[in-house]
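Read the structure below first, then the notes.
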Amino acid sequence: MALAGKNRPYPPFRLILLALVMAVALAAVTVQVKKEDIALNLTHNVNKALVFAGLPLVSVSFDGRDGTVSGVLGSESLSGQVIEVAGQVNGVRQVDNQLEISTAVDGGIVPEDIPGMDDAEFENGFYVPPRDHPLEKYNLSSVQFVYAQLKLTDESLPVLERLGQILQQNPQIQVEISVHTDSGGTALGQLAASQSRADIVRYYLIEQGVKPDQVVAKGYGSSRPLAANDTPEGQEKNRRVEIRVLKDR
């Protein structure tokens, strides 16, 4: 008596192998997506923790739950506080400290000491940037930051290197590097993100040889829009880096 199903053909070995490969690949993609989500969330939470602790924002990046903190700070004590706060954020496994210490980053102009520095002109609710000085026309549209990181893109560096050369050749000029965001997120987050990015640009210029007292870093968040934030084009226009000349004596 023949057993039921005795002559049922088995799937070819290649089909079984293909199914296994596809299953493994799908699992790997799922794990990678989850890992990137965790990294992005931890980066945001660490930056937020630094803001609430009153500490300067630095470049934070994560590979899963393992973070790397880099940038330039003015003292070892600040560095230790940043690492401690970052390590205490829920979900962080370990933090690699790649912070550099330079007293130069604490030097420079104090924005509050400059009369009229925060004066701004608006037209129909939109900010009108000053363009009186030739240097204020310098195009910084290529200065961008790596997504979810306080890190300049490679395309930003040649533009900032040229700006650094101009400032070194004109030591009498003092400028404000202002960074602006679109309206996405909270007001606190916008200000924190824009200020930290302005600091990154200032630090880079100092590393190129620009005198610390020539550059002020100022983040304005979304308070000075050039366009409406209700379209992607308007949002992109509002995310920008600008130069304002404070002195040219």
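The values are calculated or read from the model by the stated rules, or taken from the named source; none is laboratory data. All figures in this text were calculated on a predicted structure; none of them were measured in a lab. All Cβ positions, glycine included, derive from the backbone under ideal geometry; neighbour counts span all protein chains shown. Ligands, DNA and RNA are excluded from the accessible area calculation, which covers all protein heavy atoms including side chains. Shrake-Rupley method; radii C 1.70, N 1.55, O 1.52, S 1.80 Å.
Quick notes on this one:
- Output for the range 168-198, where each listed residue is buried (at least 22 other Cβ atoms within 10 Å of the Cβ) and over 16 Å from residue 239 (Cα atoms): 175
- Long-range neighbours under 7 Å by Cβ, at least six apart or interchain, first residue over 16 Å from residue 130 (Cα atoms) and open to solvent by 40 Å² or more (accessible area, probe 1.4 Å) within the range 223-249, second in a strand (DSSP E or B) and not hydrophobic (A, V, I, L, M, F, W, C): 239/180
- Residue that is modelled with the lowest pLDDT, among those in the range 66-90 that are under 19 Å from residue 147 (Cβ atoms) and open to solvent by 30 Å² or more (accessible area, probe 1.4 Å): 70
- On inspection, residue 216 qualifies as touching a Pro at 6+ places or on another chain (Cβ under 7 Å) and under 21 Å from residue 131 (Cβ atoms).
- Considering residues of the range 140-165 that are open to solvent by 30 Å² or more (accessible area, probe 1.4 Å) and among the hydrophobic types (A, V, I, L, M, F, W, C) only, the residue modelled with the lowest pLDDT: 148
- Test: residue in the range 113-135 that is modelled with pLDDT of 90 or more, open to solvent by 40 Å² or more (accessible area, probe 1.4 Å) and under 22 Å from the mean Cα position of the chain (by Cα): no
- Restricting attention to the range 1-57 and to residues that are of a type in the set (D, E, K, R) and open to solvent by less than 100 Å² (accessible area, probe 1.4 Å), the residue that is modelled with the lowest pLDDT turns out to be 35.
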